[in-house]
Structures are given as C-alpha cells and as structure tokens.
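Participant: Once you've had a glance at the structure underneath, I'll fire off some questions.
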Amino acid sequence: MKRNMIILFFLLSVLTSAQAQETLPYKPWQEFNNDTLKYLEYNFNTRGTQYKGRTVKELFDDFELPVTFIVDWMLGDNGIVSLYLGIHSVQGQEDKPNDLYDYYVEIFFANPLLPDDFRKVYDHRISTKWTPQVYEFLKDLELSRTGSNPYIIERRKREAEKTGN
C-alpha cells in the first residue's frame with residue numbers, strides 16, 4: 001500500500017511539473033526592455049503551445065506590437081497551414097517582406113485555410129500590408145500553436161557568442 005502511495009505521489013508530482021511548464025505566463029514587451037526578439041521568442045516560441053485551441057482574436061488580445069504586413073504563408077496538402085505576420089522589416093526593405101530577416105510571429109491554424117478564400121481578402125501581388133479585412137477574416141479561426149522567426153533568433157545567438165554577450 002505504501003509503495004502504491006509513493007508511486008501515486010511521484011506521478012502526481014511529475015504531472016504537476018509538466019503542467020506548470022505548459023502554462024508559462026505571458027510577459028509584457030516592457031519586461032524584455034523593449035527587445036522585440038526576446039519578446040517574440042519567449043511569448044510565441046517558448047509559449048507557442050499556449051495558443052492551441054484559442055482564436056486569432058485571443059492571440060491579438062495578448063499581442064502588444066503592431067502587425068504591419070504579411071511576410072508569407074505556408075501551404076500544406078489541404079491549404080494554408082500558417083501565416084507569417086510581420087512586425088518589423090529589414091531597414092530599407094519594408095516593401096519586400098523576407099522570412100529570413102523580418103521580425104514576425106507565425107500562427108499555425110488548427111484547420112488549414114483554403115487559399116482561394118484567403119485571396120478574397122488578401123492579394124500579395126497588390127500589397128503585403130496587414131489590413132482590417134484580413135483581421136476580420138482570421139479573427140475567429142482556431143490556432144494550433146504559434147512561433148516566431150527562427151532565423152533571427154539563431155543569428156542573434158551566433159552574434160552573441162562571437163562578442164561574448
């Protein structure tokens with residue numbers, strides 16, 4: 001009986017610990033000394049699964065930085081599985097979104113979007129700007145997770161290693 005209680009206690013401890021990791025708190029941009037990359041990395045990479053089952057609107061209720069453009073999207077077998085929402089662009093290249101260099105949040109949809117439906121509110125050949133029409137189209141869609149630009153994150157880590165910061 002004691003052994004069963006010890007095993008049960010151990011399992012509860014492990015489950016509680018795992019659940020605590022899954023419920024990391026959102027941290028405001030100011031807590032990162034206005035460092036956009038650290039803000040995006042923590043809130044939308046590290047905590048990316050916190051948005052599973054939540055809507056785009058709920059994501060935007062947390063989001064503190066303005067989305068100004070759409071960098072790109074990822075197509076899967078059944079449609080658009082994610083969008084890259086641009087925050088800051090490379091200096092002097094604002095009209096040419098680049099998923100290697102721009103600060104962005106990637107939102108992954110629980111159910112892929114049909115490209116033809118999305119093109120009714122967004123046409124990258126005309127403009128890559130984020131618009132209220134795009135938001136209205138997306139706001140009620142369910143997310144599976146979020147992420148941010150891994151290329152910038154890795155570049156900053158390499159630069160920090162070189163300079164010792």
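Participant: If a residue must be within 23 Å of Q50 (Cα to Cα) and either modelled with pLDDT of 90 or more or surrounded by fewer than 19 Cβ atoms within 10 Å (Cβ to Cβ) (or both), how many such residues does the stretch 104-133 contain?
Facilitator: Going through the stretch 104-133 one residue at a time, the tally reaches 9.
Participant: Touching a Phe, Trp or Tyr at 6+ places or on another chain (Cβ under 8 Å), in a helix (DSSP H, G or I) and either at pLDDT below 95 or not aliphatic (A, V, I, L, M) (or both): which single residue out of L65, L40 fits that description? Write out each step before concluding.
Facilitator: Numbers: L65 fails: in a helix (DSSP H, G or I).
The conditions single out L40.
Participant: Looking only at the stretch 115-165, count every residue that is assigned to a helix (DSSP H, G or I) and either touching a Gly at 6+ places or on another chain (Cβ under 7 Å) or closer than 19 Å to I80 by Cβ (or both) and tell me the total.
Facilitator: Going through the stretch 115-165, the residues assigned to a helix (DSSP H, G or I) turn out to be 115-119, 132-138, 150-163.
Checking which are either touching a Gly at 6+ places or on another chain (Cβ under 7 Å) or closer than 19 Å to I80 by Cβ (or both) leaves us with 115-119, 133-138.
Of the residues in the stretch 115-165, 11 are assigned to a helix (DSSP H, G or I) and either touching a Gly at 6+ places or on another chain (Cβ under 7 Å) or closer than 19 Å to I80 by Cβ (or both).
Each row is one residue, and each column tells you yes or no for (1) at pLDDT below 90; (2) loosely packed, with under 15 Cβ neighbours inside 10 Å; (3) of a type in the set (A, V, I, L, M, F, W, C).
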| site | (1), (2), (3) |
| --- | --- |
| Q19 | yes, yes, no |
| T23 | yes, yes, no |
| P28 | no, yes, no |
| E31 | no, yes, no |
| N34 | yes, yes, no |
| R54 | no, no, no |
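Participant: Another one. Got a number for residues in the stretch 45-66 being of a type in the set (A, V, I, L, M, F, W, C) and out of contact with any helix residue (DSSP H, G or I) (no Cβ under 8 Å at 6 or more places or on another chain)? Steps first, answer last, please.
Facilitator: Taking the stretch 45-66 and keeping what is of a type in the set (A, V, I, L, M, F, W, C), we get 56, 59-60, 63, 65.
From what's left, out of contact with any helix residue (DSSP H, G or I) (no Cβ under 8 Å at 6 or more places or on another chain): 63.
Summing the residues that are of a type in the set (A, V, I, L, M, F, W, C) and out of contact with any helix residue (DSSP H, G or I) (no Cβ under 8 Å at 6 or more places or on another chain) in the stretch 45-66 gives 1.
The values are calculated or read from the model by the stated rules, or taken from the named source; none is laboratory data. Being a predicted model, the structure only gives us computed values, none of them experimental. Backbone-built Cβ (ideal geometry, glycine too); neighbour counts: all protein chains shown.
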